[in-house]
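Working notes for the structure below.
The values are calculated or read from the model by the stated rules, or taken from the named source; none is laboratory data. As the structure is a prediction and not an experimental result, all values here were calculated from the model. All Cβ positions, even for glycine, are placed from backbone atoms using ideal geometry, and neighbour counts span all protein chains on display. These area figures cover heavy atoms from the full protein model, side chains too; ligands, DNA and RNA do not enter into them. Shrake-Rupley method; radii C 1.70, N 1.55, O 1.52, S 1.80 Å.
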There are 2 protein chains.
Amino acid sequence: MTAVSGEMADEQGVTDGRKLRGQRRRTQIIEATLAVVRRDGAAGVTHRTVAKEAGITTSLTLYYFATLDDLLVAALTSVTDAYTRRIRELIDADADPVSGLADLIAESAGSGRERALAERELSTLAARRPALRPTARRWRENVADLARTQTSSREAADAFVALSDGLCAAILLDDDPKPDPHHISAILRAALG
Amino acid sequence: MTAVSGEMADEQGVTDGRKLRGQRRRTQIIEATLAVVRRDGAAGVTHRTVAKEAGITTSLTLYYFATLDDLLVAALTSVTDAYTRRIRELIDADADPVSGLADLIAESAGSGRERALAERELSTLAARRPALRPTARRWRENVADLARTQTSSREAADAFVALSDGLCAAILLDDDPKPDPHHISAILRAALG
DNA sequence: GTACTAATTGTACGATCGTACAACTAAGGC
DNA sequence: GCCTTAGTTGTACGATCGTACAATTAGTAC
């Protein structure tokens, strides 16, 4: 009747080709949602705008995501997953993860601006919508994980997370088209003590 | 015909009692707007919701604020003015301004949660709406002013501003009903070097 | 091939949206 | 008293909103 709201589909084999197509459709809708958020903000997310972005019918987005909240949760989960992967790459790589994070933050001024804006709007939304909060917290926890590879101080880790968040916010409000990654990493490193 | 969009009314005497009443109406509408933002978020701001909150006609809010952006700018300006006053009190008082700011941030978990949420949502909105950005920057500049009374390092001041922003965001996403002001001020002080 | 299930569509409802506009009231200037 | 200006109201238009639902198509299982 209705589409599976959870995930559960990747476990074991999905023999039914229809369900497989359904999963593809699902991620396609999430992608479209993120495109809308990036372009028009979280307030622009609508069953209709998402459907138009994806090139499908409004009814179809409703078939996969019964409510707007479901859609937003799925979108935030998607960007959080992507962010988790990037942070983990930084941690696992041999290079300095702090510099890597500084580069990631500095990106928010240029090519990554829309992405950073989308993440920020969804996180802000999470403060008000309980359904989004666990995922928003997981987003921050990634940075905390990275910080803990550099320090054992709880206080320093807290500061590190807050800094990377606040620095990104500052960049999004400034006009500076090219913030200095060294300046950012210097601030981050100072917080690690 | 249309209401004055600027301020200009407090300079010299406003002899016209009608204009005086108009100014009162104006601030009343702004108050109502902020009440809506606190309760339902910036997305809930509508000519109609604001009018209902203020107990007046929808047409009247439109008479004073022709567009929704005008309304949001006025609202953000109002909270920024209030914030500026509070920060200046902290600076001018004899007590330690850093502890004062830490208390202010810690408040975001309890009684000040709605206020902090409103400020945050409007600031986030500013990243996308140019009309809001100067005011949003002024908001952050207040904290920078406070920081500059404690350090001469540009880097430390930048970190201080980003920290107070990021710490507030963390509190809004956490469930902790009573964050420790000492912990916050310790982190802030560490950033000052 | 037949029964079942998933995917997809079209259409429709009531509510709310931003905005416009003409009319009306009331207060000030002279 | 009279003219002007500011404040205020009611009503209305077209657009868009979230959501529901019956009907249809397409793929799977047996």
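Tell me, yes or no, whether region B:164-181 has at least one residue that is part of a helix (DSSP H, G or I) and more than 10 Å from every other protein chain (Cβ to nearest Cβ). Break it down into steps so the answer makes sense when it comes.
Step one: list which residues in region B:164-181 are part of a helix (DSSP H, G or I), which gives B:164-173, B:181.
Next cut, more than 10 Å from every other protein chain (Cβ to nearest Cβ) only: B:181.
Scanning region B:164-181, I find at least one residue that is part of a helix (DSSP H, G or I) and more than 10 Å from every other protein chain (Cβ to nearest Cβ), so the answer is yes.
Can you pull out every residue in region A:182-193 that is part of a helix (DSSP H, G or I), open to solvent by 40 Å² or more (accessible area, probe 1.4 Å) and at the interface with another protein chain (Cβ under 9 Å from one of its Cβ atoms)? Break it down stepwise before answering.
Initially, region A:182-193 is screened for residues part of a helix (DSSP H, G or I), giving A:182-191.
Of the ones still in play, those that are also open to solvent by 40 Å² or more (accessible area, probe 1.4 Å) are A:182-183, A:189-190.
A:His183, A:Ala190 - these are the residues of region A:182-193 that are part of a helix (DSSP H, G or I), open to solvent by 40 Å² or more (accessible area, probe 1.4 Å) and at the interface with another protein chain (Cβ under 9 Å from one of its Cβ atoms).
Looking only at helices (runs of 4 or more DSSP H) that lie completely in region A:41-131, which have at least 2 residues being within 16 Å of DNA strand C (Cβ to nearest atom) and within 19 Å of the chain's Cα centre (by Cα)? Working first, answer last.
Working: elements: A:47-54, A:58-64, A:68-92, A:97-106, A:113-126.
So the answer is A:68-92.
Counting only residues that are charged (D, E, K, R) and at the interface with chain A (Cβ under 9 Å from one of its Cβ atoms), which one in region B:130-153 is surrounded by the fewest Cβ atoms within 10 Å (Cβ to Cβ)?
Taking region B:130-153 first, the residues charged (D, E, K, R) are B:133, B:137-138, B:140-141, B:145, B:148.
Those still in the list that are at the interface with chain A (Cβ under 9 Å from one of its Cβ atoms) too: B:133, B:137, B:140.
Details: B:Arg133: 19, B:Arg137: 17, B:Arg140: 21.
Result: B:Arg137.
Which one of these is surrounded by 15 or more Cβ atoms within 10 Å (Cβ to Cβ), within 16 Å of DNA strand D (Cβ to nearest atom), within 14 Å of chain A (Cβ to nearest Cβ) and modelled with pLDDT of 95 or more: B:Thr61, B:Thr46, B:Thr80?
Working: B:Thr61 fails: within 14 Å of chain A (Cβ to nearest Cβ); B:Thr80 fails: within 16 Å of DNA strand D (Cβ to nearest atom).
The match here is B:Thr46.
Scan region B:126-147 for residues that are touching a residue at least 24 places away in the same chain (Cβ under 8 Å) and acidic (Asp, Glu) and report the count. Working first, answer last.
Residues of region B:126-147 touching a residue at least 24 places away in the same chain (Cβ under 8 Å): B:126, B:129, B:131-132, B:135-136, B:138-140, B:142-143, B:145-147.
Filter once more, so that each one left must be acidic (Asp, Glu): B:145.
Number of matching residues: 1.
Need pairs with beta-carbon distance below 8 Å; first residue away from chain A (no Cβ under 14 Å) and within region B:20-36, second within 13 Å of DNA strand C (Cβ to nearest atom) and among the hydroxyl-bearing types (Ser, Thr, Tyr); sequence gap 6+ or separate chains.
Sorted first by the residue in region B:20-36, then by its partner, the pairs are B:Gly22/B:Tyr64; B:Arg25/B:Tyr64; B:Arg26/B:Tyr64; B:Ile29/B:Thr61; B:Ile29/B:Tyr64.
Scan (1) within 9 Å of another protein chain (Cβ to nearest Cβ); (2) in contact (Cβ under 8 Å) with a residue 24 or more places away in the chain; (3) over 19 Å from B:Cys168 (Cβ atoms) for the single condition A:Ala159 breaks and write down its number.
(3)
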